[in-house]
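The values are calculated or read from the model by the stated rules, or taken from the named source; none is laboratory data. Note that the structure is a prediction, hence the values are computed from the model and not measured. Methodologically, a virtual Cβ is constructed for each residue, glycine included, from the backbone with ideal geometry; neighbour enumeration extends over all protein chains shown.
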């Protein structure tokens with residue numbers, strides 16, 4: 001798949017599928033919200049949702065009072081859909097169109113959230129870049145929340161191969177700059193009724 005174009009692939013998905021049809025749809029992303037709450041960060045803390053697409057997480061965080069939010073996704077169509085859904089509220093969110101495999105953060109965040117973007121990176125160069133960039137983008141003492149397919153979960157998603165991770169494997173990937181705080185596994189039920197097992201972990205940036 002040397003000629004595979006990630007951006008074209010995801011633009012096509014978001015232009016042809018309703019947001020409630022995609023496998024990762026959640027009416028309320030309880031696990032992500034719980035991890036963010038447990039961080040204890042103030043409502044004005046800088047939070048970035050990496051690979052957020054048109055997820056409803058940003059809606060819930062705004063309703064909870066968080067005021068310094070950024071959503072990043074490779075698909076401009078996905079972010080356009082989220083902006084239209086939010087209406088005037090979208091003006092208070094920063095929107096970044098970028099590929100997580102090559103994105104270079106220009107700001108420092110107190111919390112980095114990623115549900116199901118990191119596991120799409122299968123090339124070691126892309127993975128290494130992501131790890132370095134997260135370390136650069138998260139303030140010392142800041143939090144990273146990662147959700148990936150577990151080693152008991154799917155091996156493909158949206159027609160693409162993914163890389164599975166256990167909590168131990170994620171901790172190993174990020175051990176140079178991050179200390180693992182907690183990990184859990186959970187089942188996500190897709191709109192079609194399939195069950196996907198996830199690993200969710202929170203890490204604290206060293207330093």
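Table: residues versus (1) free of Cβ contacts under 8 Å to residues at least 24 places away in the same chain; (2) in contact with a strand residue (DSSP E or B) (Cβ under 9 Å, 6 or more places away or on another chain); (3) crowded, with 16+ Cβ neighbours inside 10 Å; (4) closer than 11 Å to residue 111 by Cα.
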position: 6; (1), (2), (3), (4): no, yes, yes, no
position: 12; (1), (2), (3), (4): yes, no, no, no
position: 16; (1), (2), (3), (4): yes, no, no, no
position: 19; (1), (2), (3), (4): no, no, yes, no
position: 25; (1), (2), (3), (4): no, no, yes, no
position: 28; (1), (2), (3), (4): no, no, no, no
position: 43; (1), (2), (3), (4): no, no, no, no
position: 52; (1), (2), (3), (4): no, yes, yes, no
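Kindly provide the set of residues from segment 132-163 that are in a strand (DSSP E or B) and either under 12 Å from residue 116 (Cα atoms) or out of contact with any helix residue (DSSP H, G or I) (no Cβ under 9 Å at 6 or more places or on another chain) (or both), ordered by number.
Initial filter on segment 132-163 (in a strand (DSSP E or B)): 138-149, 156-157, 160-161.
Hits for segment 132-163 are 138, 139, 140, 141, 142, 145, 146, 147, 148, 149, 156, 157.
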- The lone condition residue 181 fails out of (1) over 26 Å from residue 23 (Cα atoms); (2) touching a helix residue (DSSP H, G or I) at 6+ places or on another chain (Cβ under 8 Å); (3) without any contact (Cβ under 8 Å) to a residue 60 or more places away in the chain is (2)
- Item | Residue check, residue 95 assigned to a strand (DSSP E or B), farther than 24 Å from residue 201 by Cα and either touching a strand residue (DSSP E or B) at 6+ places or on another chain (Cβ under 9 Å) or at pLDDT below 95 (or both) | yes
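Taking the residues in segment 106-116 that are in contact (Cβ under 8 Å) with a residue 40 or more places away in the chain and not in a strand (DSSP E or B) as candidates, determine which candidate is nearest to residue 23 (Cα to Cα). Please lay out each step first, then the result.
Of all residues in segment 106-116, those in contact (Cβ under 8 Å) with a residue 40 or more places away in the chain come to 107-116.
Then drop every residue that is not not in a strand (DSSP E or B), which leaves 107-108, 116.
Working: 107: 31, 108: 31, 116: 11 Å.
The extreme case among them is 116.
Considering only residues that are within 19 Å of residue 205 (Cβ to Cβ) and either in contact with a helix residue (DSSP H, G or I) (Cβ under 9 Å, 6 or more places away or on another chain) or without any contact (Cβ under 8 Å) to a residue 24 or more places away in the chain (or both), which ones fall in segment 121-131?
Narrowing segment 121-131 to residues within 19 Å of residue 205 (Cβ to Cβ): 127-131.
Selection gives 127, 128, 130, 131.
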- Conditions (1) modelled with pLDDT under 95; (2) not in a loop (DSSP other than H, G, I, E, B): number failed by residue 83: (1)
- Among the candidates 90, 128, residue that is at pLDDT 95 or above, assigned to a helix (DSSP H, G or I), more than 12 Å from the chain's Cα centre (by Cα) and over 20 Å from residue 44 (Cα atoms): 128
